[in-house]
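The values are calculated or read from the model by the stated rules, or taken from the named source; none is laboratory data. This structure is a prediction, so every number in the text was calculated from the model and none was measured. Note that we place each Cβ from the backbone using ideal geometry, even for glycine, and neighbour counts take in every protein chain shown.
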Amino acid sequence: MIAFISQFSLALATVLALFGAWAGFRAVKGVYTHAPAVPLLIAVQRNVLLVFGLVCVSFLGLIYSFVVSDFSVRNVAENSNLALPVFYKIAASWGSHEGSFLLWVLMFAAWTQAVAWARFEVSACFKVRVLATLQLVLVGFLMYLLLASNPFEYLAPTPLDGRDLNPLLQDIIMIIHPPMLYMGYVGFAVTFAFAVAGLLEGRFDMTWARWSRPWTNVAWAFLTVGIALGSWWAYRELGWGGWWFWDPVENASLMPWLAGTALIHSLAVSEKRGTLRSWTLLLALTTFALSLLGTFLVRSGVLTSVHAFATDPERGVFILALLFLVVGSSYVLYAMKTGEVGQGGDFKATGRESLLLSNNVLMSAALVTVMLGTLYPLVVEVIGARKMSVGQPYFEALFAPILLPAVLLMALGPDSRWRETSLAQYIKPGAVALGVALLVLLGAALINGHFSLLWAAGVVCAVFMAVATLAHAATATRKAGSSVPQSGLLYRMRRLSLSYWGMVLAHLGVAVFVVGVSWVKTFETETDAVLKPGETTEIGPWRVTFIGVDSVQRQNYVAALGVFELTRGDGTLIHLLEPEKRRYQSSEQTMTEAAIHTDLFSDVYISLGDAVQSSTSAGSWGVRLYYKPLINLIWWGGALMALGGLLTVFDRRYRPKKNGQSA
Amino acid sequence: MNKRMSNARAYRAAWLAAIVVVALGFGIALVKVFNENLVFFYTPTQILSGDVPQGEKTYRLGGMVEVGSVQREADSLKVSFVVTDLNNKVPVQFNGILPDLFKEGTGVVADGQWDGTTFVASEVLAKHDEDYMPPGVAQ
């Protein structure tokens with residue numbers, strides 16, 4: 001019954017969304033005055049709310065079906081079972097293919113609703129166009145849910161128990177990772193809709209760039225959190241110590257992130273100087289296109305096996321068709337209208353525009369690199385030539401030379417001026433920061449004892465940029481309060497805009513991230529060993545003693561629990577580490593649960609392999625040990641970037657003026 | 001006036017040239033590194049019939065782990081097993097810890113080299129998806 005109501009809600013939402021899009025586009029056709037559009041806008045907004053409400057009902061219905069284990073719903077029977085803890089039953093709602101798409105649609109409806117609620121200074125007509133565009137795209141995905149990927153499909157006869165949620169997904173991070181990622185993907189739809197509405201109106205004033213910025217920043221921040229959580233999850237759950245595998249699933253989310261990063265920076269130029277508008281529009285369309293491509297890659301099954309995709313093409317082809325329809329029509333619109341965009345202000349090579357443009361060039365290069373490495377093997381396989389993959393060294397060899405110059409340029413960013421900057425402006429703060437960076441490098445090299453080129457380059461670039469950014473922030477803070485004598489630090493900081501502080505935080509996040517990556521890549525150590533009970537081995541600065549393995553029984557799995565003692569220096573016990581080898585009862589799947597001890601951003605990481613036969617003693621196990629210095633900086637860096645992105649939204653300039661017309 | 005114009009033109013040309021040089025450099029590096037890191041995928045039948053080009057550094061073997069073929073050596077992490085595509089079989093040696101999804105009778109992918117009689121794996125891959133089947137077996 002609940003499943004039926006949920007499905008009916010989805011169908012109703014589809015019809016209403018289609019109606020809203022049709023009515024919206026039809027009514028604003030040729031209308032350019034504000035007055036008659038306001039009642040229309042109110043009607044469209046109410047329709048958006050209705051659609052959002054119906055999708056919510058449907059999603060809650062799905063969660064309910066999972067919680068009460070309604071196995072007459074195929075989706076529930078295949079992804080949950082009676083023994084699963086209730087917490088994971090709820091999470092299983094979006095653990096499956098169908099459920100995750102419903103989550104996607106829910107997020108989309110929520111973003112549309114947020115646009116409808118938000119007060120920003122654009123004409124009512126423009127807002128109707130934005131909402132209608134969003135509704136139209138939503139219709140496509142609702143149709144996909146109803147026709148090809150129904151989360152409420154009826155299963156008869158009803159089984160007594162279900163299968164299982166993939167044990168890898170039974171983790172707290174995996175519960176919040178997909179919603180964050182989707183918030184990011186789908187958030188770029190708002191920027192996309194702004195671009196489409198701008199193209200439709202043929203008006204490219206600075207308003208749309210200005211009001212695109214907060215939406216883009218939030219979407220980007222969510223995507224950053226999503227990617228960072230995914231990486232953290234892979235590190236903790238896959239059990240093999242890696243934090244980024246250049247796997248197509250990961251690359252699928254990295255591509256829109258790179259395009260989104262470029263978009264944030266080109267939007268800044270378009271808003272402040274009116275330049276690069278045509279490029280910004282293209283980026284806005286492309287970023288969402290890449291979000292859809294990411295969804296297609298991960299969700300169509302094309303990655304698991306091109307052949308599986310070819311034998312069961314219904315879903316994949318549907319998403320691919322949607323992708324082409326949305327992307328194709330928006331690009332055609334772009335091609336038709338871009339001639340009307342016109343040129344903005346002129347600028348010199350030393351101006352801030354050039355720095356931001358360089359960011360775009362470097363991000364595009366990174367994007368091309370990832371795209372080639374991800375899509376080329378797929379294309380080759382589809383045309384039936386050969387099966388291949390692109391090794392990690394490809395990505396690693398190209399990413400450092402692309403990203404490190406970007407980090408260097410970021411150091412100059414805050415000191416630059418629009419149009420043209422005298423070189424003296426860069427030299428003084430640059431020289432100080434470079435001096436500090438070289439000192440830090442020297443100190444770190446002396447303490448560490450070893451050295452590598454990548455590490456040295458990474459540390460110098462990151463410290464250089466961080467010092468330059470902080471120095472600029474300090475100077476700006478001091479100047480901000482100079483008109484008010486004896487003003488406090490907090491007061492002065494608050495006089496600078498939140499957009500500025502957001503930029504500072506996000507850039508510092510990049511520096512933290514680069515330091516983390518340089519350290520881990522250079523100084524991490526890894527050992528596979530066979531350990532007898534009582535035997536001690538060394539990893540990094542730590543001594544690890546293997547006590548033994550115990551068997552434990554938990555709610556839905558049994559596990560071999562290894563016990564390891566971690567000591568350092570004079571031999572006092574620092575920590576007990578208890579990695580597990582789990583066996584899930586419903587699915588008969590084995591899973592390695594690593595044990596990690598974090599000590600000031602550095603990790604000791606132990607995974608249990610298999611029991612090893614031994615002629616001399618019983619209870620030997622194969623064990624993998626890692627020492628990962630400063631690895632946690634990678635995720636802290638991501639968190640800082642996301643925080644920076646979020647902060648910008650609360651800038652005063654995005655609050656509507658009291659007396660202005662606010663739609 | 002004329003001089004300023006030609007100056008501006010020369011300035012532009014210099015920029016354009018610089019951009020073209022950098023883009024070309026990047027393009028060449030991209031293609032070179034890309035080619036060096038392509039890892040090709042072969043089935044046991046392809047390996048045994050000599051389809052694998054000589055001198056290919058590392059490649060990827062895909063197939064199914066034959067039931068009953070996994071043997072572990074005492075006091076070490078050395079493991080040997082047989083990978084089959086249901087037509088031909090290739091013995092594989094590996095020294096290390098196997099991924100969770102490694103199981104007899106299921107699909108496996110291994111990176112490594114063929115020494116004429118045995119495939120010496122440097123890495124046995126854990127796929128993200130437990131339903132993964134190498135194409136040679138899936139067909």
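Go through segment A:150-190 and count every residue that is closer than 14 Å to residue A:71 by Cα and in a loop (DSSP other than H, G, I, E, B).
So the first thing to find is which residues in segment A:150-190 are closer than 14 Å to residue A:71 by Cα, and the list is A:151-165.
Adding the requirement that they be in a loop (DSSP other than H, G, I, E, B) leaves A:151-153, A:155-165.
Within segment A:150-190, residues that are closer than 14 Å to residue A:71 by Cα and in a loop (DSSP other than H, G, I, E, B) number 14.
If I ask for residues that are surrounded by fewer than 17 Cβ atoms within 10 Å (Cβ to Cβ), in contact with a Phe, Trp or Tyr (Cβ under 8 Å, 6 or more places away or on another chain) and among the hydrophobic types (A, V, I, L, M, F, W, C), which ones from segment A:316-358 would you list?
A:349
With A:412, A:403 as the choices, which residue is at pLDDT 90 or above and assigned to a helix (DSSP H, G or I)? Full working, then the answer.
Details: A:412 fails: at pLDDT 90 or above.
It is A:403.
Please work out which one of (1) over 21 Å from residue B:125 (Cα atoms); (2) in the same structural domain as residue B:107 (by TED's automatic domain parsing); (3) surrounded by 15 or more Cβ atoms within 10 Å (Cβ to Cβ); (4) under 18 Å from the mean Cα position of the chain (by Cα) is the condition residue B:60 fails and give its number.
(1)
Any residue at all in segment A:338-350 that's closer than 18 Å to residue A:286 by Cβ and either of a type in the set (Asp, Glu) or assigned to a helix (DSSP H, G or I) (or both)? Don't jump to the end; show me each part of the working.
First, pick out the residues of segment A:338-350 that are closer than 18 Å to residue A:286 by Cβ: A:338, A:341.
From what's left, either of a type in the set (Asp, Glu) or assigned to a helix (DSSP H, G or I) (or both): A:338.
Within segment A:338-350 (the criterion being closer than 18 Å to residue A:286 by Cβ and either of a type in the set (Asp, Glu) or assigned to a helix (DSSP H, G or I) (or both)), the answer is yes, since at least one residue qualifies.
Kindly indicate the residue of segment A:520-554 that is away from every other protein chain (no Cβ under 14 Å), among the aliphatic types (A, V, I, L, M) and touching a Ser or Thr at 6+ places or on another chain (Cβ under 7 Å) and also surrounded by the fewest Cβ atoms within 10 Å (Cβ to Cβ) among those meeting that condition.
Among residues in segment A:520-554 that are away from every other protein chain (no Cβ under 14 Å), among the aliphatic types (A, V, I, L, M) and touching a Ser or Thr at 6+ places or on another chain (Cβ under 7 Å), the one surrounded by the fewest Cβ atoms within 10 Å (Cβ to Cβ) is A:539.
For residue A:386, are the conditions met, namely being of a type in the set (Lys, Arg) and away from chain B (no Cβ under 14 Å)?
Working: of a type in the set (Lys, Arg): yes; away from chain B (no Cβ under 14 Å): no.
It is false that residue A:386 is of a type in the set (Lys, Arg) and away from chain B (no Cβ under 14 Å).
Does residue A:396 satisfy the criteria of being in a helix (DSSP H, G or I) and modelled with pLDDT under 85?
Details: in a helix (DSSP H, G or I): yes; modelled with pLDDT under 85: no.
For residue A:396, the condition - in a helix (DSSP H, G or I) and modelled with pLDDT under 85 - is not met.
Step by step: first the residues of segment A:599-615, then only those that are of a type in the set (A, V, I, L, M, F, W, C) and buried (at least 18 other Cβ atoms within 10 Å of the Cβ), then the one that is nearest to the other protein chains (Cβ to nearest Cβ). Which residue is that?
Looking only at segment A:599-615, we keep the residues that are of a type in the set (A, V, I, L, M, F, W, C), and these are A:600-601, A:604, A:606, A:608, A:611-612.
With the extra rule that they be buried (at least 18 other Cβ atoms within 10 Å of the Cβ), the set shrinks to A:601, A:604, A:606, A:608, A:612.
Numbers: A:601: 26, A:604: 17, A:606: 12, A:608: 9, A:612: 7 Å.
Once the filter is applied, the top-ranked residue is A:612.
Among B:33, B:79, B:70, which is the only one that is assigned by TED's automatic domain parsing to the domain that holds residue B:121, at pLDDT 90 or above and surrounded by 17 or more Cβ atoms within 10 Å (Cβ to Cβ)?
Numbers: B:33 fails: assigned by TED's automatic domain parsing to the domain that holds residue B:121; B:70 fails: surrounded by 17 or more Cβ atoms within 10 Å (Cβ to Cβ).
When all the criteria are applied, what remains is B:79.
Which strands (runs of 3 or more DSSP E) sit wholly inside segment B:36-120 and have at least 3 residues that are under 27 Å from residue A:377 (Cα atoms), of a type outside the set (S, T, N, Q) and at the interface with chain A (Cβ under 10 Å from one of its Cβ atoms)?
B:38-42, B:59-65, B:107-114
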